[in-house]
Amino acid sequence: MANTVRVDVVSAEEEIFSGQAEFIAAPASAGEVGVYPHHAPMITTIKPGALRIKLPDTAEETLIFISGGMLEVQPGLVTVLADTAIRGHDLDEAKALAAKAAAEEAMKNKASDMDYAKAQAELAEAVAQIQAIQKLRKTN
Amino acid sequence: MAGSKEIRTKIKSVENTRKITKAMEMVAASKMRKAQDRMRAARPYAEKIRNVAAHLSYTQPDYKHPFLIKRDVVKNVGLIVVSSDKGLCGGLNTNMLRLSVNQMKTWETEGKGIKVSAFGSKGLSFMTRVGADVQSNTTGLGDVPHLETLIGSIKVMLDAFESGEVDQLFICYTKFINTMKQEPVMEQLLPLSGEKMGSPEGNWGYIYEPEAETVIDELMTRYIESLIYSAVAENMASEQSSRMVAMKSASDNAKTVIGDLKLVYNKARQAAITKEISEIVGGAAAISN
């Protein structure tokens with residue numbers, strides 16, 4: 001049996017890769033890092049780029065493109081937490097501003113203060129409607 | 001035949017309604033399966049990141065990330081409300097909003113300020129209508145949740161927490177229990193409690209690159225994002241199954257209504273025929289006499 005380490009590449013939206021590998025290289029923020037089995041525990045951020053995973057019994061390396069994330073090396077396990085979106089401080093900031101602007105737009109014609117009585121009355125009415133429909137169904 | 005034409009038109013129109021609800025039911029059923037798969041697909045990442053975060057907070061006791069620090073005085077509370085973009089899904093949004101409003105009222109009586117972030121247009125329109133302080137919103141999530149579209153709103157709330165504008169952050173969404181059962185839940189996101197992360201398996205020191213603080217900061221943000229993402233994914237699965245059930249009962253209803261109408265129609269038709277026969281018989285008897 002070849003000397004291998006378990007590699008899991010996961011993103012928030014799906015599991016991308018899981019299996020044994022002889023070697024894995026990742027574009028870490030401080031430069032590319034290569035991990036062989038029995039690597040010391042390490043954790044680092046990674047930049048957008050390609051992961052290279054060398055599987056046992058194959059000459060070629062598997063390439064997985066990721067848009068950044070984190071690389072964690074535990075004894076016997078390498079985990080890549082891949083981002084699903086290109087991240088960057090400015091980009092995140094822009095998105096946050098857009099979300100805020102959208103809220104401000106929606107808030108333009110809001111009432112001055114939260115009207116709990118109105119809110120609860122409205123919801124109670126909706127619930128009553130649903131219950132009435134259910135009751136009606138049962139009697140049929 | 002009085003009214004029989006009207007009854008026929010009525011039956012037709014109910015049949016058409018039933019076709020639509022039936023189609024919506026089937027669409028929701030297939031979407032639900034996909035949404036459930038996506039909900040499950042998000043789990044490995046959440047598990048992994050939780051493990052790593054637990055490890056880090058365990059091995060780095062001297063660096064406490066702001067997300068982990070509990071504040072003594074809670075003046076303002078942040079609430080993320082996850083709802084659906086579309087209606088016709090039974091009591092899903094209503095139940096979730098009822099839970100939020102009740103909780104908000106409790107906070108209000110405790111003298112806490114509330115800042116809301118709305119995901120999904122149903123929650124947003126409700127919150128603006130009742131005059132809540134909506135800080136950020138993301139609508140038009142579609143059928144597939146993407147972290148990319150959520151990041152903006154999440155960041156607004158995380159920034160608010162870091163800058164001290166809010167001292168606690170909660171999320172309210174509908175938990176998917178099974179196809180027939182969905183339950184609205186309210187969970188605390190920030191500050192993170194140690195129990196939620198659990199204790200790590202094994203104990204080893206990490207090599208950090210570039211340095212521990214940067215790595216932990218990045219990781220914590222992603223951890224919270226993954227929690228919110230899972231909540232949104234779960235809410236979508238709940239939405240589809242709730243819609244499926246609602247549309248199924250609508251179709252069943254239409255069926256009983258059609259049955260009733262057909263009975264009335266047949267009665268009217270039979271009455272007309274009987275009347276005609278008795279007229280003929282009466283007429284024939286009058287002539288022969």
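The values are calculated or read from the model by the stated rules, or taken from the named source; none is laboratory data. Remember, it's a predicted structure, so these values are computed and weren't measured experimentally. No Cβ is skipped: glycine too gets one built from the backbone with ideal geometry, and neighbour counts run over all protein chains shown.
In the range A:48-63, which residues are part of a loop (DSSP other than H, G, I, E, B) and farther than 21 Å from A:Gln74 by Cα?
Passing the criteria: A:Asp57, A:Thr58, A:Ala59, A:Glu60.
Just to be sure I understand the filter: pairs with C-beta atoms under 9 Å, separated by 6 or more residues or on different chains, first member in the range B:209-226 and aromatic (Phe, Trp, Tyr), second member assigned to a helix (DSSP H, G or I). Which pairs pass?
Within 9 Å, the pairs are B:Tyr223/B:Ala46; B:Tyr223/B:Ile49; B:Tyr223/B:Arg50; B:Tyr223/B:Val52; B:Tyr223/B:Ala53; B:Tyr223/B:Phe67; B:Tyr223/B:Met197.
Looking at (1) β-branched (Val, Ile, Thr); (2) without any contact (Cβ under 8 Å) to a residue 40 or more places away in the chain; (3) at the interface with chain B (Cβ under 10 Å from one of its Cβ atoms), which one does A:Val80 not meet, given that it meets all the others?
(2)
Which of the residues that make up the range A:1-42 are in a loop (DSSP other than H, G, I, E, B), within 30 Å of B:Gln36 (Cβ to Cβ) and in contact (Cβ under 8 Å) with a residue 12 or more places away in the chain?
Listed by number, the residues that qualify are A:Ala12, A:Glu13.
Which residues, taken from the range B:42-74, are within 19 Å of A:Val78 (Cα to Cα) and of a type in the set (A, V, I, L, M)?
B:Ala42, B:Ala46, B:Ile49, B:Val52, B:Ala53, B:Ala54, B:Leu56
Quick one: in the range B:214-236, of everything that is of a type in the set (Gly, Ala, Ser) and within 10 Å of another protein chain (Cβ to nearest Cβ), which residue is farthest from B:Thr174 (Cα to Cα)?
Checked the range B:214-236; the qualifying residue farthest from B:Thr174 (Cα to Cα) is B:Ser226.
Give the residue, chosen from B:Leu227, B:Leu261, that is more than 22 Å from the chain's Cα centre (by Cα) and buried (at least 16 other Cβ atoms within 10 Å of the Cβ).
After applying the criteria, what remains is B:Leu261.
Filter the range B:92-123 for residues that are surrounded by 24 or more Cβ atoms within 10 Å (Cβ to Cβ) and over 22 Å from A:Ala128 (Cα atoms); which is farthest from the other protein chains (Cβ to nearest Cβ)?
Filtering the range B:92-123 for residues that are surrounded by 24 or more Cβ atoms within 10 Å (Cβ to Cβ) and over 22 Å from A:Ala128 (Cα atoms), the one farthest from the other protein chains (Cβ to nearest Cβ) comes out as B:Gly120.
Please tell me if A:Thr45 is part of a strand (DSSP E or B), over 14 Å from the mean Cα position of the chain (by Cα) and of a type in the set (S, T, N, Q). Lay out the reasoning, then the answer.
Details: part of a strand (DSSP E or B): yes; over 14 Å from the mean Cα position of the chain (by Cα): yes; of a type in the set (S, T, N, Q): yes.
Taking the combined requirement at face value, the residue satisfies it.
Test B:Leu147 against the criterion of being modelled with pLDDT under 90 and either more than 25 Å from B:Ser193 (Cβ to Cβ) or within 20 Å of the chain's Cα centre (by Cα) (or both), and give yes or no.
Numbers: modelled with pLDDT under 90: yes; either more than 25 Å from B:Ser193 (Cβ to Cβ) or within 20 Å of the chain's Cα centre (by Cα) (or both): yes.
Considered against the rule, which asks whether it is modelled with pLDDT under 90 and either more than 25 Å from B:Ser193 (Cβ to Cβ) or within 20 Å of the chain's Cα centre (by Cα) (or both), B:Leu147 comes out as yes.
Being within 19 Å of B:Val166 (Cα to Cα) and either without any contact (Cβ under 8 Å) to a residue 24 or more places away in the chain or within 8 Å of another protein chain (Cβ to nearest Cβ) (or both) is the filter here; which residues of the range B:124-136 pass it?
Result: B:Gly131, B:Ala132, B:Asp133, B:Val134, B:Gln135, B:Ser136.
Return a yes/no flag: does the range A:55-71 have any residue that is at the interface with another protein chain (Cβ under 10 Å from one of its Cβ atoms), more than 15 Å from the chain's Cα centre (by Cα) and touching a residue at least 12 places away in the same chain (Cβ under 8 Å).
No.
Residue by residue through the range B:149-168, note down the ones that are part of a loop (DSSP other than H, G, I, E, B) and buried (at least 21 other Cβ atoms within 10 Å of the Cβ).
Correct list: B:Val166 only.
Give the residues of the range A:11-36 that are touching a Phe, Trp or Tyr at 6+ places or on another chain (Cβ under 8 Å) and more than 7 Å from chain B (Cβ to nearest Cβ), sorted by residue number.
Those that are touching a Phe, Trp or Tyr at 6+ places or on another chain (Cβ under 8 Å) and more than 7 Å from chain B (Cβ to nearest Cβ): A:Glu22, A:Phe23, A:Gly34, A:Val35, A:Tyr36.
Considering each residue of the range B:38-61, count those that are within 16 Å of the chain's Cα centre (by Cα) and more than 8 Å from chain A (Cβ to nearest Cβ), and give that number.
Total satisfying the criteria: 1.
Here is a list of conditions, (1) modelled with pLDDT of 90 or more; (2) assigned to a helix (DSSP H, G or I); (3) surrounded by 14 or more Cβ atoms within 10 Å (Cβ to Cβ); (4) not aromatic (Phe, Trp, Tyr), and B:Met220 meets all of them except one; can you say which number that is?
(1)
Which count do you get for residues in the range B:147-177 that are within 28 Å of B:Gly91 (Cα to Cα) and free of Cβ contacts under 8 Å to residues at least 12 places away in the same chain?
Qualifying residue count for the region: 2.
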